[in-house]
1. Which numbered condition trips up B:CYS156, out of (1) more than 14 Å from the chain's Cα centre (by Cα); (2) in contact (Cβ under 8 Å) with a residue 12 or more places away in the chain; (3) within 14 Å of chain A (Cβ to nearest Cβ)?
2. Kindly check whether there is at least one residue in the stretch A:235-245 that is within 14 Å of chain B (Cβ to nearest Cβ) and touching an Asp or Glu at 6+ places or on another chain (Cβ under 7 Å).
3. Return yes or no: is A:LEU296 buried (at least 17 other Cβ atoms within 10 Å of the Cβ) and not in a helix (DSSP H, G or I)?
4. Looking only at the stretch A:299-325, how many residues end up being at pLDDT 80 or above, surrounded by 15 or more Cβ atoms within 10 Å (Cβ to Cβ) and more than 21 Å from the chain's Cα centre (by Cα)?
5. Just to be sure, is A:ASP120 more than 14 Å from chain B (Cβ to nearest Cβ), more than 25 Å from A:ALA257 (Cα to Cα) and in contact with a Lys or Arg (Cβ under 7 Å, 6 or more places away or on another chain)?
6. List the residue pairs whose Cβ atoms are under 6 Å apart, where the first residue sits in the stretch A:162-173 and is more than 16 Å from A:PRO150 (Cβ to Cβ), the second is among the β-branched types (Val, Ile, Thr) and assigned to a strand (DSSP E or B), and the two are 6 or more positions apart or on different chains.
7. Would you please name the residue that is nearest to A:SER191 (Cα to Cα), looking only at residues in the stretch B:106-126 that are assigned to a strand (DSSP E or B) and away from every other protein chain (no Cβ under 14 Å)?
8. Among the residues of the stretch A:259-291, write down those that are within 22 Å of the chain's Cα centre (by Cα) and exposed (fewer than 14 other Cβ atoms within 10 Å of the Cβ).
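The values are calculated or read from the model by the stated rules, or taken from the named source; none is laboratory data. Predicted model, so just to flag it, every value in this text is computed and none were measured. So basically every Cβ, Gly included, is an ideal-geometry build from the backbone, and we count neighbours across all protein chains shown.
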Amino acid sequence: RHHSQPAIVPQLHLLQTATAFSRSCSRPPLPSSPAIVPPLPSLPPHPADHSSSLLHQQLGKENPTWNSGSDSKMLIPQTKNIGLPLMNLMRFKGLPILQQLHIEEQLLRTSSENWCIVNDGTNDPTIVIGVSGKPAELLEIESVLDDQVPVIRRFTGGGTVIVDHGTVFVTFICNKEAVPNLQPYPRPIMSWSSSLYSKVFQGIGDFHLRENDYVFGNHKFGGNAQSITKNRWIHHTSFLWDFNVQNMSYLKHPKRAPAYRSARSHLDFICRMKDYMPRSTFMDKTVEATETQFSLRPIQLEAIRTCSEAEFCPSSRFLTNEELDAAAVALQS
Amino acid sequence: MALRMWASTTANALKISCATTKASVFSLPRCFSTVLDGLKYAESHEWVKHEGPVATIGITDHAQDHLGEVVFVELPEPGGSVSKGKGFGAVESVKATSDVNSPISGEIVEVNSKLTETPGLINSSPYEGGWMIKVKPGSPSELESLMGPKEYTKFCEEEDASH
């Protein structure tokens, strides 16, 4: 199903590669009209890396740098935490969510290293449904089509979110041995991640994991999803640092909802992290908490190797207008 | 140790799953998921039942218990092929998709279409109604390298004990 053999290949800017994934790898053609495709942002140019050396040889030799626009001023010492398993850290600001998902799936399926990805907001409001989500059950499709809101089906399980510049994304991709004594199943992984975030939110807002959601009290501010392979797993979270009230109107009340939701509407169920913690503080504290278990190594976008010979085709994709229309028609009939 | 062996044998004979429901009458330790005789098992917690020219494959009671309520099953098409140790499908539970790997190589001759409408069969009947694919084995010797019931039971106990 997936080509999972990494190979040494010429460097490609990952932005170009993510585009190539979406448009040219061999997979069944989509129905006629193209999906609503937001324009790709123009990332600041990075110096081309023409080195043919393997990734790990490049690392640890440069001072950590951050994407321009990041408001973090923290530098991670290179020699700290010797003896802890290595984890590569990538930070983005405003990376389109589809590209983030493509990067994540590629790293899950083709990398043998541990990764943490922090994406500070995404460019355009986008609806993201889980792998088995049924659009007609989850979305007010007419409004979604009228307002041309993009809809992505992601490769991980879980529910539906609408993400935008107010969303902060944090992702962990790990080998199954990376966390000692952790069984690679959904609930243990969720328990591990909640203990990490407990350090971030210590003493703040009655934080805890409640039926797979991150909450302050009984208000959700973080949604989780996972994918588990034979030897690795990914756990990613979308945090509602802020949200647009109007955007929530695109989402229906899901059929499968946690008991603690108690049939509350979206706006009564969720809350904003901005009412509890500054944005940069959250991201810095998350990195600090991760550092207690891993030796973090900052990685720049273009350092990720991609394979042009054996293409990896990520499965996260936009749903087409035709698919959304058909789903709406099927529901009515 | 004797009590554990008795409990395990009883569970096997009665074919009960002692870790699936809180309402279970039998308060056996959680690690004693059902393991059936006559099947072979992979370390990634799939089972194989080889009957004549066809091998049936699914995930074990241990796996379904650890995964939680299965809400969606992704299956391949008949006519495709599977490779030993490689993923052929996935199950979704508790906000996670989990790959299901084939214990053997071969050609897929049938898939369990009931799982589309009733994915919970994997939880309620992992060895019978929850079967996932039927395969014509490409290399019958691959079955030899899989674990038998006793070996798999011990494997599960050790895995649970070490975490």
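1. Unmet for B:CYS156, out of (1) more than 14 Å from the chain's Cα centre (by Cα); (2) in contact (Cβ under 8 Å) with a residue 12 or more places away in the chain; (3) within 14 Å of chain A (Cβ to nearest Cβ): (1).
2. There is at least one residue in the stretch A:235-245 that is within 14 Å of chain B (Cβ to nearest Cβ) and touching an Asp or Glu at 6+ places or on another chain (Cβ under 7 Å).
3. yes
4. 5
5. So A:ASP120 fits the description; yes.
6. Sorted first by the residue in the stretch A:162-173, then by its partner, the pairs are A:VAL170/A:VAL118; A:VAL170/A:THR237; A:THR171/A:ILE117; A:ILE173/A:ILE234.
7. Of everything passing the filter in the stretch B:106-126, B:VAL111 is nearest to A:SER191 (Cα to Cα).
8. Of everything in the stretch A:259-291, those that are within 22 Å of the chain's Cα centre (by Cα) and exposed (fewer than 14 other Cβ atoms within 10 Å of the Cβ) turn out to be A:PRO278, A:THR281.
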